[in-house]
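One structure is given here, and the rest of the page talks about it.
The values are calculated or read from the model by the stated rules, or taken from the named source; none is laboratory data. Every value quoted in this text rests on a predicted model; they were computed, and no experiment measured them. Note: ideal-geometry Cβ built from the backbone for every residue, glycine included; neighbour counts use all protein chains shown.
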Amino acid sequence: MYNTVLIAIDTTPEAKQVLDAALNNEAAKNASFQVLHATELPGPGMSAYTGYDFNFDFEQIHTAAREKIAELIKGTAIKESDVQVKTGMAADLIVDMAKDIKADLIVVGSHGRHGIRLLLGSTANSVLHHAPCDVLAVRIKD
C-alpha cells in the first residue's frame, strides 16, 4: 500500500491519463496525493552563457499552469493546495520533491518515441533511474 503519491504532470489534456492512473491505483486508494508540474525554461542567468536574452515572466507562466492544472484536477480528491508548479529540470524536480515529501510512489507520463524513448520519455527514464521509491510510468495514448 502506498501512503504518499507524487503525480508529475504537464498541462496537456493527456495529463488526465496520468492523474487517472494514480487516482485509480488500488494500492494508493488511501494515499495522500501531491501534484508537481515542472516548467523547463532557461533560468534568468542563462543569457550570460548563451548570448540570448531570456525574459520570461515566471509568475505569469506558473499562474497559467496552475489554472490548467485546476481544470485537470476538478472533480478529483486532489486539492489545489496539493499542487506545486516549479521551474527547472523536470526529472530533478520530481526526484527532489519525492525525497522531500517521502513519497513511496511517483506517477509520471511517458511519450517516448525513438530508441529508449520508445519505452520511456527522457524525463520518465531519468526519474525511473534516480527515484527514491517506486515509479509508475503511464504510457500516454495520443
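For THR39, the criteria (1) farther than 18 Å from VAL135 by Cβ; (2) of a type outside the set (A, V, I, L, M, F, W, C); (3) at pLDDT below 90; (4) loosely packed, with under 15 Cβ neighbours inside 10 Å hold in every case but one, which is (4).
Of the residues making up the stretch 114-128, just one is modelled with pLDDT of 90 or more and more than 17 Å from LYS102 (Cα to Cα), namely SER126.
Please go through the stretch 71-84 and give me each residue that is aliphatic (A, V, I, L, M) and either under 14 Å from the mean Cα position of the chain (by Cα) or over 17 Å from ALA8 (Cβ atoms) (or both), ordered by number. Those that are aliphatic (A, V, I, L, M) and either under 14 Å from the mean Cα position of the chain (by Cα) or over 17 Å from ALA8 (Cβ atoms) (or both): LEU72, ILE73, ALA77, VAL83.
Give me a count of the residues in the stretch 1-25 that are in a helix (DSSP H, G or I) and closer than 11 Å to HIS37 by Cα.
Here the count works out to 1.
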